[in-house]
Amino acid sequence: MSYGLIGLGSMGSNLALNISKKQKLHIYNRSYEKVSYTIKKSNFSQNLIGHKDIEKMVAKMEQPRTIITLLPHGKATFDVIDDLVNHLEPDDTIIDSANEHHKAGKFLEKLCNIEDVNFLGVGMSGGSDGALNGPGIMVGGQKEVFEQHEEFLNTFCGNVVHINNDPSSGHYTKMVHNGIEYAMLQGISDMFSYLNQDKEIMKQFINECFYTEVNGFLIENTMKVLHEYNLDEIADVASMNNTGLWCSQVAMENVIPLPLISNGVNGRLYSQYKNIQANQKKNFYIDIESAVKTLKLIYAYSILEGLSLLDIKNIVTKKAQYSWSKGTIIQCEMIQFSREQLNNIIEQNIKDARRVYMQCIHYEISVPVLSNAIDFYDFTHEKKTSISLLMAQRHKFGDHQYTKLV
Ligand code: 6PG
């Protein structure tokens, strides 16, 4: 039995250092510099064996082999797996840990199975620090293959959860994780805008968050950022690797609303169109306590949206929530709450969230995630919405049917 890793970007390199603390690991990267760099960083650990060629690496490995790929999703991963599988033997296993599109898993499993090679599709979270210290992983694929690897995965992961036998379910659960991450990140940023983009006030806000159920990786990370970064040097134009966008697509395709996650994506898109103007400090009373309550509501809605996305694929929500609870970017106390608890949080905090939002509108402060949260709340809580008029119009011009109230 032997282990290998292909792809030594910042996460891959750290993952190699992590795995090699406990076992021998064969490593390969397209540019050999990253192999040398990783070996040097490990203080020339005897457990790391570098290779310049995939075929030769496979030939040196003892059977059965397990090789993790940690490459950019899509073509880069497909090309490597397509090549790799030709060099492997029956009962070897490929574990793809990219932020892969959820439709890729079935295709990759088939590609591997043609050569009797096993496949597991894994969503891996925790960023590069997580890769070094114990990432949280969501595993999709045959239970039997998972069980063969469970012990190995537990030697370097902070949390290992088998989602189900579908080879796409690990990547899908990670995609949903990322969608929630988009909404939470924008939600924290919305509160930064409300707090006048004032770092000192933001630090007080984060200090308050530490004592609530939103406390977790992102809250701690925000505090570190406030201490370490000069935000004036960072252009306010966003980029992304599209996993949040995929969530919006899945929601649209399955006809379910996804207001916060989608506006987490939109916020990034809006940033491409913004007028460059100097930020003006607004002179109004800032209520930190209300901001904390608002963030609680944003977190609760974001998690509920994630649960709706899991329902589409019949993924057991408790299992996915547990997989997000350790080693991931979205881990926080609230992440394992039930739907009922999350809805209670929304009801308990809506008044404060509305107050914060009204102030933002009044002072022309954009809060994309908060605005959609309030809008969604109001739409779903109005006694009778404007949809009756919309339906009547559709009936009038297109003879589309409506449900008649008795
Ligand atoms: C993680 C993160 C990680 C990364 C994504 C986010 O769990 O470790 O989710 O996967 O932050 O790339 O995607 P964007 O680049 O689209 O923000």
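The values are calculated or read from the model by the stated rules, or taken from the named source; none is laboratory data. Computed from a prediction, not measured in an experiment: that's the story for all the values here. Backbone-built Cβ (ideal geometry, glycine too); neighbour counts: all protein chains shown. Calculation scope for accessible area: heavy atoms of the full protein, side chains included, ligands and nucleic acids excluded. Shrake-Rupley method; radii C 1.70, N 1.55, O 1.52, S 1.80 Å.
Data for the structure
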{"quantity": "Residue that is surrounded by the fewest Cβ atoms within 10 Å (Cβ to Cβ), among those in the stretch 192-225 that are closer than 13 Å to K293 by Cα and of a type in the set (V, I, T)", "calculated": "T212"}
{"quantity": "Condition broken by V237, with the remaining ones in (1) under 29 Å from C112 (Cβ atoms); (2) touching a helix residue (DSSP H, G or I) at 6+ places or on another chain (Cβ under 6 Å); (3) within 16 Å of the ligand (Cβ to nearest atom) satisfied", "calculated": "(1)"}
{"quantity": "Residue within the stretch 61-84 that is within 13 Å of the ligand (Cβ to nearest atom) and open to solvent by less than 10 Å² (accessible area, probe 1.4 Å) present", "calculated": "no"}
{"quantity": "Lone qualifier among E144, E150 - being part of a helix (DSSP H, G or I), free of Cβ contacts under 8 Å to residues at least 24 places away in the same chain, touching a strand residue (DSSP E or B) at 6+ places or on another chain (Cβ under 8 Å) and charged (D, E, K, R)", "calculated": "E150"}
{"quantity": "Total residues in the stretch 245-257, condition more than 12 Å from the ligand (Cβ to nearest atom) and open to solvent by 10 Å² or more (accessible area, probe 1.4 Å)", "calculated": "8"}
{"quantity": "The stretch 323-343, subset part of a helix (DSSP H, G or I) and within 16 Å of the ligand (Cβ to nearest atom), residue surrounded by the fewest Cβ atoms within 10 Å (Cβ to Cβ)", "calculated": "I335"}
{"quantity": "Output for the stretch 300-321, where each listed residue is part of a helix (DSSP H, G or I) and in contact (Cβ under 8 Å) with a residue 60 or more places away in the chain", "calculated": "Y301, S302, I303, E305, G306, L309, L310, I312, K319, A320"}
{"quantity": "Breaking point among (1) open to solvent by 10 Å² or more (accessible area, probe 1.4 Å); (2) outside any helix (DSSP H, G or I), for I163", "calculated": "(1)"}
{"quantity": "S366, sole failed condition from (1) modelled with pLDDT of 95 or more; (2) within 29 Å of L269 (Cβ to Cβ); (3) open to solvent by 30 Å² or more (accessible area, probe 1.4 Å)", "calculated": "(1)"}
{"quantity": "Residue within the stretch 47-57 that is within 30 Å of Q249 (Cα to Cα), touching a helix residue (DSSP H, G or I) at 6+ places or on another chain (Cβ under 9 Å) and open to solvent by less than 80 Å² (accessible area, probe 1.4 Å) present", "calculated": "no"}
{"quantity": "Enumerated helices (runs of 4 or more DSSP H) restricted to the stretch 20-137, each holding at least 3 residues that are closer than 30 Å to G216 by Cα", "calculated": "127-133"}
{"quantity": "Condition check for N242: at positive phi and within 16 Å of the ligand (Cβ to nearest atom)", "calculated": "yes"}
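Yes or no, residue by residue, for (1) within 15 Å of the ligand (Cβ to nearest atom); (2) open to solvent by less than 10 Å² (accessible area, probe 1.4 Å); (3) β-branched (V, I, T):
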position	(1), (2), (3)
I114	no, no, yes
G127	yes, no, no
L132	yes, no, no
V145	no, no, yes
E150	no, no, no
L153	no, yes, no
I180	yes, yes, yes
